[in-house]
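The values are calculated or read from the model by the stated rules, or taken from the named source; none is laboratory data. Please read these numbers as outputs of a predicted model, since none were measured by experiment. Glycine also receives a Cβ, built like all others from the backbone with ideal geometry; neighbour counts cover every protein chain displayed.
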Amino acid sequence: MMEESEFTGARRRRAQWSLAMLVVVNVMSQLDRQIMSVLVEPIRKDLQLSDTEIGVLVGIAFAFFYTLAGLPIARIADRGNRRNLIAVALTLWSLMTAACGLARSYVELFAARVGVGVGEAGCAPPAQSILSDTFPLSRRGRALATYQLGVPIGLLLGLSGGGYLADVLHWRTVFFVVGLPGIAVAIVTRFVLREPPRARGEDVEPVGVVLGYLWALRSMRHHILASSLHTLTLAATATFNFPFLVRVHGFSSTEAGITIGLLTGVAGGLGTYLGGWLGDRHAPRDPRWRIWTLAIGALASVPFSLVGYLTEHVSLSVAALTFGVFGSYMYAGAGHAVAQSLVKPRMRAMTAAVMLFSMNLFGYGLGPALAGGISDALGGEGALRHALAAMNLVLLWAALHYGLAARSYRADLEAQHA
């Protein structure tokens, strides 16, 4: 394991360049993943879809195949060259995003979204593995939180820019504009990103051994469940916040895109970094702060989000949702840092894949579909606000499991480093 004293000079500069490149890759991932949310209304009207069908398209079509491909791709990442894997994956999901613009039916659009999911499965596990081998433990929370800033930055660019594009271009054209630049980024990634050396003397563990190791950690079981419940809420709101402002408050696509983009990009970005920073700052005194921080953020966000969705006042709605996003996004990077802190170097990509498997299949896969189903059951259109308010109550359940994870985290951490 790299010590803080070794993280100087050229090694530190290389680490910072690698982190910057991976943030750019993550931004492209989020752009291609979330642009569908901006285009929900024109796609729904053009293809005559219900909120439930939109939820399935945005969630299950992406998440099921993302998770299905994630574990074997993580296995490759733990054995092979992670930089090359990321470059190939970025090329694939960029091409499939553009292919969404060629879809002439719900089935064809569903198939293209599947391709986006398979491609993006090759991003986060190898990226987290690279960063965990590049930064010492004392800086890993901030490094992974910085990497996760790609999520709110991607949302900011995708929602604000995508909202404008949705007003001036056909939705099919928008997919081309957003998807194709990723191919150029993939080429740059291949030649700029550095593949770091792995810990010596460690072989890749068999998949069954890794899964058994993770299951044996009580803190890991509760942490994965908490993170999945957390993602259930955030995936639902990320999908339907844009149409919420359009339907309930009468925003145009440009206005909704800029509002949600700034809200998520600024408040979500600050919350993401703060979660990692607070965890790293207080962990030397008590490592459980890495998890307590996540629970505090989740709990604090709930009342603000409820006000944001249920109030009739536009300004109050936007202000309340801003604080809600700030708190709920504190888990984005710090949650992965907790998981990485509990495992051996050659388990890192597989651990990231297991986390993402649960978070995406259960959270991202079910969250949008569940929110869409609740909205349809309540009558659709304006009833969407009540569905989103209900989805935020799930964060109370997530906070409970964060607390249970913290109870055994210190003992599990000490056992791993013994």
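Some notes on this structure:
- For residue 237, the criteria (1) surrounded by fewer than 18 Cβ atoms within 10 Å (Cβ to Cβ); (2) in contact (Cβ under 8 Å) with a residue 24 or more places away in the chain hold in every case but one, which is (1).
- Test: residue in region 277-289 that is within 28 Å of residue 39 (Cα to Cα) and touching a residue at least 24 places away in the same chain (Cβ under 8 Å): no
- Contact annotation: residue pairs with Cβ atoms under 7 Å, 6 or more positions apart or on different chains, pairing a residue in region 212-231 that is within 14 Å of residue 396 (Cα to Cα) with a partner that is among the aromatic types (Phe, Trp, Tyr) and part of a helix (DSSP H, G or I), are 226/402; 227/331; 228/362; 229/397; 230/331; 231/364.
- Test: residue in region 33-53 that is under 22 Å from residue 371 (Cα atoms) and small (Gly, Ala, Ser): yes
- With respect to the conditions (1) under 24 Å from residue 40 (Cα atoms); (2) in contact with a Gly (Cβ under 8 Å, 6 or more places away or on another chain); (3) surrounded by fewer than 24 Cβ atoms within 10 Å (Cβ to Cβ); (4) modelled with pLDDT of 90 or more, residue 258 lacks only one, and its number is (4).
- Conditions (1) surrounded by 20 or more Cβ atoms within 10 Å (Cβ to Cβ); (2) of a type outside the set (Asp, Glu); (3) in contact with a Cys (Cβ under 9 Å, 6 or more places away or on another chain): number failed by residue 172: (1)
- Scanning region 374-399 for residues that are modelled with pLDDT of 90 or more and not in a helix (DSSP H, G or I) yields 378, 393.
- Cβ-Cβ contacts under 6 Å between residues 6 or more apart (or on different chains), taken from a first residue in region 61-89 that is over 22 Å from residue 191 (Cβ atoms) to a second residue that is polar (S, T, N, Q) and crowded, with 19+ Cβ neighbours inside 10 Å, are listed as 63/360; 66/360; 67/360.
- Taken over region 55-73, the criterion of being closer than 13 Å to residue 114 by Cα, surrounded by 19 or more Cβ atoms within 10 Å (Cβ to Cβ) and among the aliphatic types (A, V, I, L, M) is satisfied by 56, 57, 58, 60, 61, 63, 69.
- Screening 24, 56 for residues that are assigned to a helix (DSSP H, G or I) and at pLDDT 90 or above leaves exactly one candidate, 24.
- Residue 387 surrounded by 23 or more Cβ atoms within 10 Å (Cβ to Cβ) and closer than 20 Å to residue 214 by Cβ: no
- When region 204-226 is filtered for residues that are in a helix (DSSP H, G or I) and among the β-branched types (Val, Ile, Thr), the ones remaining, listed by number, are 207, 209, 210, 224.
- Residues located in region 308-344, provided they are under 16 Å from the mean Cα position of the chain (by Cα), assigned to a helix (DSSP H, G or I) and hydrophobic (A, V, I, L, M, F, W, C): 325, 326, 332, 334, 337, 338, 339
- Comparison of 91, 134, 146, 97 shows that the only residue that is of a type in the set (S, T, N, Q) and under 20 Å from residue 55 (Cα atoms) is 97.
- Flag if residue 402 is crowded, with 23+ Cβ neighbours inside 10 Å, part of a helix (DSSP H, G or I) and modelled with pLDDT under 90: no
- Verdict on residue 139 being assigned to a helix (DSSP H, G or I), touching a residue at least 40 places away in the same chain (Cβ under 8 Å), basic (Lys, Arg) and touching an Asp or Glu at 6+ places or on another chain (Cβ under 9 Å): yes
- Single residue of 234, 157, 229 found to be assigned to a helix (DSSP H, G or I), of a type in the set (A, V, I, L, M) and within 30 Å of residue 12 (Cα to Cα): 157
- Pairs, first farther than 21 Å from residue 209 by Cα in region 330-348, second β-branched (Val, Ile, Thr) and modelled with pLDDT of 80 or more, C-beta under 6 Å, six or more apart: 332/151; 332/272; 333/272
- From 115, 101, 150, residue being under 30 Å from residue 170 (Cβ atoms) and touching a Phe, Trp or Tyr at 6+ places or on another chain (Cβ under 6 Å): 101
- Flag if residue 239 is of a type in the set (Ser, Thr, Tyr), part of a helix (DSSP H, G or I), touching a Leu at 6+ places or on another chain (Cβ under 9 Å) and closer than 23 Å to residue 385 by Cβ: no
- Residue within region 74-82 that is more than 19 Å from the chain's Cα centre (by Cα), among the basic types (Lys, Arg) and surrounded by 23 or more Cβ atoms within 10 Å (Cβ to Cβ) present: yes
- Residue, nearest to residue 279 (Cα to Cα), within region 119-136, restricted to residues that are under 15 Å from the mean Cα position of the chain (by Cα) and part of a helix (DSSP H, G or I): 128
- Looking across region 1-10 at every residue that is loosely packed, with under 14 Cβ neighbours inside 10 Å and under 13 Å from residue 134 (Cβ atoms), the one that is modelled with the highest pLDDT is identified as 10.
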